[in-house]
Amino acid sequence: MRNLTTREINHVSGGAYLGEDGKIHNDVPEWQQVLDIVKNAIYDFLNPIAKLFGFELTPPGSMVGASKP
């Protein structure tokens with residue numbers, strides 16, 4: 001079994017990597033980036049309202065049911 005390159009690891013994790021052309025590349029599609037921005041905006045808008053009623057919303061991208069350290 002071979003070791004993964006840094007580019008392959010970053011690709012799987014959705015991170016940016018430095019290409020052979022010396023430029024930074026991001027493999028996350030543009031629509032996914034826009035979707036993340038929209039989800040965060042909705043969360044930022046609704047969470048304060050939910051707190052008024054005694055609820056706490058789960059932030060986008062967090063694992064539901066994950067134990068806190």
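Rule-based calculations on the coordinates, nothing more; no lab input. Quick caveat: nothing in here was measured; it's all calculated off a predicted structure.
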Could you go through the stretch 36-47 in sequence order and give the Karplus-derived ³J(HN,Hα) for each residue, using 6.51 cos²θ - 1.76 cosθ + 1.60 with θ = phi - 60°, rounded to whole Hz, and x for Gly and Pro? 5, 5, 5, 4, 5, 5, 5, 4, 4, 7, 7, 4
Can you give me the long-range amide H partners of A16? Hydrogens built in the peptide plane at 1.01 Å from N, cutoff under 5 Å, separation of 5 or more residues or another chain. none
